[in-house]
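Asker: My structure is below; once you've seen it, I'll send some questions.
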Amino acid sequence: MAYPLALLWAWYRNPLDEKQRNYFIGGVSFVVLLALALTSGWVHVGWFMNPVVSLSGMFLGGVSGANEVGVLRWVVGVWVLLVLLWVLWKQVGDLWTDFLGRILLIALVIGILTGDEIFAMVALTICLYWGLPLLLYRPKHSNAGFWGQRGMVLLLTMIVATVFMVVDKGRYQQVLSGYLSPRDSIIKVLAEDSGNFLNEEPNSDGSAKKTIRVASQWPGLTMLACRCDALPLPPNAKDGDALLAMLRGVDYMIFDPHNPANGSLSHNLATMGAGAVETVDLQQGGVIVEIKHSPSKQVRE
């Protein structure tokens, strides 16, 4: 949303061609409205999440539950939020003048409504990209020596570099130990079951793989792990038959049944007729459901 909105503002204020301005504004507006219409039924677009937790997660990692939000996360999150507000107060004019800065600023304003990891990434980008020039600013009439003018910059640079080094080392150790979050564990099970996991044999025949289509609560992660077509979960249906009609062409579903947003989906799956669906695996992070009576499967058979 941020990029087309920034384009609309640029063409409204400083169009490259006056004759094409109305066509361009109309086209971009149509695409934005179409995208909003397509995503209107997605139940997993999070709103009004705690931005402090997301900001602290950039340094301390994500959390799987509200009970894991301790004092340290609040301290780190509030500290990052204060730095962000300071950078915005000093650089808001330069941010709006620069096209990239305008995109990030609009994305930050939109991200406040969600407060998720994307919001935290945008906030961190603004802090690093537009906050560093503030640290490098040198007063014209300062008589202090090198350490007086650049001592704080060197200290903050060392602290930030050390923090990121420790975080990267921790994530590297997690990868070596094979630790996966509950969400990643259930996605890995689906990927291994479909035979398309990333850790496959290098000499395997790609043409012999079964092409599957998955409706996932986490479509991006599922697509990368399974190397398959991943779609978002269907919107709420009135009954099991309506849900099954929405799942035409879908082979698997993967979602968290404990998430309140999936209450209607879990209920409709539970009330389906025998043999329509089958639970492949159930873990703490989610459940994998195979669609047995998918119309696409009947055509392939």
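Asker: With respect to SER185, is the statement that it is at pLDDT below 85 and in a helix (DSSP H, G or I) true?
Answerer: For SER185, the condition - at pLDDT below 85 and in a helix (DSSP H, G or I) - is not met.
Asker: Which ones in the range 247-274 are in a helix (DSSP H, G or I), over 24 Å from the mean Cα position of the chain (by Cα) and surrounded by 17 or more Cβ atoms within 10 Å (Cβ to Cβ)?
Answerer: Selection gives ASN268, LEU269.
Asker: Which ones in the range 156-171 are within 22 Å of LEU136 (Cβ to Cβ) and surrounded by 11 or more Cβ atoms within 10 Å (Cβ to Cβ)?
Answerer: LEU156, THR157, VAL160, VAL163, PHE164, listed by residue number.
The values are calculated or read from the model by the stated rules, or taken from the named source; none is laboratory data. None of these values were measured; they are calculated from a predicted model. Neighbour counts run over all protein chains shown; Cβ positions are idealised from the backbone, glycine included.
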